[in-house]
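Peer 1: To start, I am sharing the structure in question, which I have written as structure tokens.
The values are calculated or read from the model by the stated rules, or taken from the named source; none is laboratory data. Predicted model, so just to flag it, every value in this text is computed and none were measured. So basically every Cβ, Gly included, is an ideal-geometry build from the backbone, and we count neighbours across all protein chains shown. Surface areas here come from the heavy atoms of the whole protein model, side chains and all, with no ligands, DNA or RNA. Shrake-Rupley method; radii C 1.70, N 1.55, O 1.52, S 1.80 Å.
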Amino acid sequence: MQYGVILNSVYNIWIHSTFFSILEKIWSPFKRAYDHLAIVRALRRGDRVQAVYESSLFSRIIRFILDFVYKVIAAISGFIAPALDSSLIVRLCRGSFILNFEFLLGGFICVMFIMPHESWNNAYAVIAALGFLTLYLILAGSGKRELVYPNKLGLPFALFAIALIISLLFTHDFSDSIRVLLFFIAAFIFTYVIAADISDEKRLAKLLAFIYAAVFITSVYAIIQRKFNLVYVNALFTDLTLNTGVPGRVTSTLDNPNNFSEFLVLFMPLCAAFAGTRKKQLSCVLLLIGLAFPAVALIMTYSRSGWISLMLAAFVYIWLRNKKLIPIFIVLAVLAVPFLPSSIVTRLTSIVSGIFGSSGRMDTSASHRLLLWQGVGYMIRDYGVVGIGLGPSSFASLYSSYALVDGASHTQSLYFELILETGILGFISFMWLALRSIKNCVIIRRRASGLTKAVLIACAASFIGIAFSCIVEYIWFYPRDLFAYFILLGISFAAVSITKKNENTI
């Protein structure tokens, strides 16, 4: 990562200081003990399950189906290739910077997030995902892309997809579950297409450029919302009694301040990885400065879970990138506290002020969740084995019998939502998928370099950071955040694949 002249000077002073030497001597015995822990050695081992899964009957069936489609497309492409090669459209597309798969994919992802909520329709993502899948298979069939089998995404991914399909057998509203399942299918396709197509750092950088643009544009729009008073204090988002002085929370293009904060947490580490690995010094500095906009926008969401998640993600990113900078990170975070605006301090303390303060009143969002989760706990007791099916309609049809609080359309927790909607199989397979993705990124980043290494670190940081928000928010209730999560997952798979590919070519 390029730190620039000033940052590089500060870093050199820090690592050669007496205080740093003392910290290094204190840390050394703990590091040796950590490296020899049984759980650490187990996590660092290779993925033995994957080899068994790829040779299983299920994987062979999937490969057979895909091979059949591939051969049909290849035969059609071979038949019409002579006519296509001489056509005007093909001549215009060949070598074009814009009319190529990566540009179209990245461009759509960018547009998907910058499009205002009022103009967005989730059907656009479903149609686009199917279109990109078809286009990828055509490119593979015509020899323009290497065919990657879905089993490369791993057994946990397959089990999670199976759990979603099985949940249809137990749903309490079949049509609504089908609707939500289509969103998951679109998200899975984005994961697969990104993992299959992004096969080198050049393509990876192009996709990250579009993600950076989406984060930057939505953040600038959020700041404009605040600057021109386009958002207002809303009792649905904020406890007005305990949050006196807290202004309206920005939503940008994503309808809800929490939705927007989750989007930023998922993608800001990727933006940092992209910005910090630019080869040109000026581009690196300008892009790193540009990260101030999403940071300010996240503050303006007044999302407490978003703030904590990003701080956690930043801690993980710095730890994996260069753990020697952790003390500076902590010191700067502590020194920043006195300079925080009073509205931010009020927002942070509101969650505990009702418990420990003189008012004796708990923040409404906290008390709402506690009462909601009590009712959800009873629902899980009765339906947690097989689930109740995907979608808010299934939840609404049953929750009234367990309700301790009104106005709930979901569980306010991704983990509770998964076990309630998809049962034990869905919950375990997702947790396996998430933990496996983090593990792969952390371990394989040691063998990577450049942009790929930074991206692996960023993916691990994002997954760990957003895991906190998942405790107190159902982050997938808003489909664009669902798509963002699985786009991030696809990027992590692609970065792992690029690293392994580079190893094999050395």
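Peer 1: Go through region 361-404 residue by residue and tally those that are more than 30 Å from residue 182 (Cβ to Cβ), at pLDDT 85 or above and in contact with a helix residue (DSSP H, G or I) (Cβ under 6 Å, 6 or more places away or on another chain).
Peer 2: The number of residues fulfilling the criteria is 1.
Peer 1: Exactly one condition in (1) touching a Phe, Trp or Tyr at 6+ places or on another chain (Cβ under 8 Å); (2) under 22 Å from residue 219 (Cβ atoms); (3) without any contact (Cβ under 8 Å) to a residue 12 or more places away in the chain is not met by residue 275; state its number.
Peer 2: (3)
Peer 1: Scan region 312-329 residue by residue and report those that are at pLDDT below 85 and either open to solvent by 80 Å² or more (accessible area, probe 1.4 Å) or basic (Lys, Arg) (or both).
Peer 2: Those that are at pLDDT below 85 and either open to solvent by 80 Å² or more (accessible area, probe 1.4 Å) or basic (Lys, Arg) (or both): 323, 324.
Peer 1: Take residue 183 and decide whether it is assigned to a helix (DSSP H, G or I) and closer than 24 Å to residue 254 by Cα.
Peer 2: yes
Peer 1: While we're on this one: Pull out all pairs, ordered by first then second residue, where Cβ-Cβ is under 7 Å, the residues are six or more apart or on different chains, the first lies in region 64-85 and is part of a helix (DSSP H, G or I), and the second is surrounded by 12 or more Cβ atoms within 10 Å (Cβ to Cβ) and modelled with pLDDT under 75.
Peer 2: Correct list of pairs: 84/90.
Peer 1: A follow-up question, please. Please determine, by comparing only the residues of region 277-311 that are β-branched (Val, Ile, Thr) and part of a helix (DSSP H, G or I), which one is least open to solvent (accessible area, probe 1.4 Å).
Peer 2: Among those that are β-branched (Val, Ile, Thr) and part of a helix (DSSP H, G or I), it is 301.
Peer 1: Working carefully through the options 189, 98, 194, 127, find the one that is surrounded by fewer than 17 Cβ atoms within 10 Å (Cβ to Cβ) and either aromatic (Phe, Trp, Tyr) or at pLDDT 95 or above (or both).
Peer 2: Exactly one of 189, 98, 194, 127 is surrounded by fewer than 17 Cβ atoms within 10 Å (Cβ to Cβ) and either aromatic (Phe, Trp, Tyr) or at pLDDT 95 or above (or both), namely 127.
Yes/no per residue for (1) modelled with pLDDT under 95; (2) on the phi > 0 side of the Ramachandran plot:
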| site | (1), (2) |
| --- | --- |
| 182 | no, no |
| 202 | yes, no |
| 245 | yes, yes |
| 248 | yes, no |
| 251 | yes, no |
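Peer 1: Restricting to region 132-141, count the residues that are closer than 17 Å to residue 63 by Cα and either in contact (Cβ under 8 Å) with a residue 12 or more places away in the chain or open to solvent by less than 50 Å² (accessible area, probe 1.4 Å) (or both).
Peer 2: Of the residues in that region, 6 qualify.
Peer 1: Determine which member of the set 263, 210, 274 is modelled with pLDDT of 90 or more, part of a helix (DSSP H, G or I) and closer than 30 Å to residue 345 by Cβ.
Peer 2: Answer to the check: 263.
Peer 1: So in region 142-171, with the set limited to residues that are β-branched (Val, Ile, Thr) and not in a helix (DSSP H, G or I), which one is surrounded by the most Cβ atoms within 10 Å (Cβ to Cβ)?
Peer 2: Step by step, filter region 142-171, then rank; the result is 171.
Peer 1: Of the residues in region 108-125, how many are closer than 18 Å to residue 180 by Cα and not in a helix (DSSP H, G or I)?
Peer 2: Of the residues in region 108-125, 2 are closer than 18 Å to residue 180 by Cα and not in a helix (DSSP H, G or I).
Peer 1: Any idea which residue in region 197-207 is surrounded by the fewest Cβ atoms within 10 Å (Cβ to Cβ), counting only those that are in a helix (DSSP H, G or I) and among the hydrophobic types (A, V, I, L, M, F, W, C)?
Peer 2: Filtering first and then ranking leaves 205.
Peer 1: Filter region 377-386 down to the residues that are open to solvent by less than 10 Å² (accessible area, probe 1.4 Å) and in a loop (DSSP other than H, G, I, E, B) and list them by number.
Peer 2: 384 - this is the single residue of region 377-386 that is open to solvent by less than 10 Å² (accessible area, probe 1.4 Å) and in a loop (DSSP other than H, G, I, E, B).
For (1) in contact with a His (Cβ under 7 Å, 6 or more places away or on another chain); (2) at pLDDT 95 or above; (3) over 23 Å from residue 183 (Cα atoms); (4) among the β-branched types (Val, Ile, Thr), each residue gets a yes or a no:
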position	(1), (2), (3), (4)
440	no, no, yes, no
444	no, no, yes, yes
447	no, no, yes, no
450	no, no, yes, no
457	no, yes, yes, yes
462	no, yes, no, no
465	no, yes, yes, no
472	no, no, no, yes
479	no, yes, no, no
